[in-house]
Amino acid sequence: MTKRRDIDAVRNLSGDIWNVAVDEYQGGFLKRRDLLKYAALLGLTGFAASQGLGGARAAGAAGGTVRVGLGQPTKAIDPVSVTDPASIGVISQVGEYLILDDPKDGLQPKLALSWEANETASRWTFKLRQGVKFHDGRAVTGRDVVASFERLVDPASGSSALSAYKGILSKGGAKLVDDETVAFDLDGPNSNFPFYVSSDVYNAVILPADYAGDFEKSFNGTGPFKLESFRPKQGASFVRNPDYWGDKALPDRVEIKFFDDEQAQVLALQAGQLDVIPSTTRLELAIEGNPNFKLLSVQASSHDQVHLRTDQAPFTDKRIRRALALTIDREAVVKGLLKGRAIVGNDTPFAPIFPSADPSVPQRKQDITEAKRLLGEAGVPNGFEVTLTTERAYDIPDYAVIIQNFAKKAGIDVKLNVLPQDAYYGSATFGSSPWLDSVLGITDYGHRGTPDIFLNATLKSSGAWNAAHFNNPAYDALLLDYSKARDLQAQRLVAGKIQTLLLDETPAIISYFSQYSRIVSSKVEGVRFTAISHLLLDRVSFVQA
């Protein structure tokens, strides 16, 4: 009876779209946390907060210096063009977004207080937080927000977010309503647009309207820490921002050191010189069972996508593409390579953590007999030879070897071409990038809070990351239907159709969705991070001996 009264009390908060989500929750199709995350997507931030979502976090003792190890930034640190995890970790100390996509609580208001869409979800309006200042003392206004997004969608700006916004938001789409209000007129309806102005697009840091691309000079943002010193190739230090609009940071300082070698990071951690470092499977083995360290993880939609060039032999035949996918034992990959810290994937970007994913679509499993049958039907009963090109990063080279061994079971001879990361990505444009040009490749894709960017950038006919060269009008039409869907029930219906189509066509193999982890000293509490490399240290405190 209590739950019934609770449901009745929240039914009319935001019209029919919200009520569909409430119905799904009542019917057991949606978990309470997902319902509250959906409330935040619709802009019902007050309701989400009232239910304990995104509420106050336990405060530790103030003071101390948090020492962080990161890899080397790949180029000058600039929020507009950043792509590497180390730079994102640095920018996290000083830069903020309209919305934070918190891995635990979903979309949380930051520089935006609230947001709402028109009836078609083609225009979204955001109310801005007042009293926010950049580190140089200037007040943040709607003009800064508009300029930040106009910069990101300008092809002449060097923005790394162009691929994320392609077909979503174009130049001129961000509009100033008044100093406290900004509207976005989209290229078409998109019911998940708040994710596109959140930390999910890590370039979408709000910068001054007159930003000139010299971020490393001052690291001028709005965040809880401000620059103390920056030393290229060495590291950076930040101090508590006394003028921060929210709760002041607990630590006095954050000290970041850049490392060329991940092994050196774990040695520095073990020697007590660092408190936080990134995590890989190899590094986790180094600290396993040691009570002085802990492994913190969040489930993510991060994945290593295997693309199959649908326009080049042998993968012009979808039976051959399906055959290769059927050789992979996904459970074995998750248990062996990833030590259980992943979720089995089903060859589509719809990770199980997305509420819109259709769980009724059958899970693809290893089936060597069927793989051989498909190869015979396609005219290659004795298999074929193909080169798998990929990047020397994370666990990907080991994954490539696993794919090679599984493929042998069906007679497929996979040769490996493992390149340094910069060589693999090349210019990141078609015609001059092994990533986008290779007939078979593996690429790591970082976490997003919604499948939209994966669906559009990696598989849409015009997608900027469409390494499979997949050109399927039926798929493109379903993407449009998905973007127009205004409630979870409608999204899930279209998602099921997309998942079924991708399983049939198999332009890509996604056999797992990884957790994202950090290794932390047991002496610190309150380390938070996103699965897209943001490192949130304002609530860190030190355990008293």
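Rolling a 1.4 Å probe across the protein heavy atoms gives the range 216-271 an accessible surface of 48 Å² per residue. Highest mean packing comes first when the peptides 95-102, 373-380 are listed by Cβ atoms within 10 Å, giving 95-102, 373-380. Distance from the Cα centroid of the range 111-150 to that of the range 60-107 is 20 Å (rounded to whole angstrom).
With just the Cα atoms defining each centre, how far is the range 315-371 from the range 396-417? Give it in Å. Taking the Cα centre of the range 396-417 as reference, the centre of the range 315-371 is 16 Å away.
Quick check: residue separation of ALA156 and ALA62 times 0.36 nm, minus the Cα distance between them. What number comes out in nm?
Values: separation 94, 0.36 × 94 = 33.84 nm, distance 4.38 nm.
Roughly 29.5 nm would be gained on extension.
Shown for the chain: the carbon plus sulfur share of the solvent-accessible area, taken with all protein chains present and a 1.4 angstrom probe, equals 51%.
Just from its helices, what would the mean residue ellipticity at 222 nm be for the chain, if runs of 4 or more DSSP H residues each count -39500 (n - 2.57) and the sum is divided by every residue, rounded to the nearest 500 deg cm²/dmol? The partial results should precede the final answer.
Numbers: 19 runs with 165 residues, N = 545.
Calculated at 222 nm, the ellipticity per residue is -8500 deg cm²/dmol.
Could you work out the relative contact order of the range 243-372, using alpha carbon pairs under 8 angstrom and six or more residues apart, expressed as a whole percent?
Numbers: 71 pairs, mean separation 24.9, N = 130.
It comes to 19 percent, rounded to a whole number.
Rounded to the nearest 0.05, what FRET efficiency do LEU501 and THR429 give with R0 = 35 Å and r taken as the Cβ-Cβ distance? Could you check?
Working: r = 27 Å, r/R0 = 0.78.
Calculated transfer efficiency: 0.80.
A crude spin-label estimate for the pair GLN270 and GLU216, with each label 7 Å from Cα along the Cβ direction, gives 3.2 nm. Between the alpha-carbon centres of the range 434-489 and the range 200-250 there is a gap of 32 Å. Extending 7 Å from Cα along the Cβ direction at ASP481 and again at LYS175 yields two label points whose distance is 3.1 nm. If the segment from THR83 to LYS415 were pulled out straight at 0.36 nm per residue, it would be longer than the present Cα-Cα gap by 116.6 nm.
Enter the per residue convex hull volume of the range 210-249, computed from alpha-carbon coordinates, in Å³ rounded to the nearest integer.
70 Å³
Relative contact order (percent) for the chain, with alpha-carbon contacts under 8 angstrom and 6 or more residues of separation? Relative contact order for the chain comes out at 19 percent. Amide H contacts of LEU111: TYR97, LEU98, ILE99, each under 5 Å away and 5 or more positions distant or on a separate chain (H built 1.01 Å from N in the peptide plane; Pro and chain starts excluded). Taking amide H positions as modeled 1.01 Å from N, with prolines and chain starts lacking one, the residues under 5 Å from ALA342 and 5 or more places away or on another chain are GLN515.
Subtracting the Cα-Cα distance of ARG282 and LEU296 from their residue separation scaled by 0.36 nm leaves 3.5 nm. What does the net charge come to around ILE287 if you take all other residues with beta carbon closer than 15 Å to its beta carbon, with K and R at +1 and D and E at -1? Once all neighbours under 15 Å are counted, the net charge is +2. In this structure, the residue pairs whose Cα-Cα separation is over 20 Å, taken from LYS110/LYS133; LYS372/LYS409; LYS104/LYS523, are LYS104/LYS523.
The values are calculated or read from the model by the stated rules, or taken from the named source; none is laboratory data. Note that the structure is a prediction, hence the values are computed from the model and not measured. Positions of Cβ are backbone-derived with ideal geometry, glycine not excepted, and every protein chain shown enters the neighbour counts. Ligands, DNA and RNA are stripped out before the accessible areas are found, and what is left, the full protein with its side chains, is counted by its heavy atoms. Shrake-Rupley method; radii C 1.70, N 1.55, O 1.52, S 1.80 Å.
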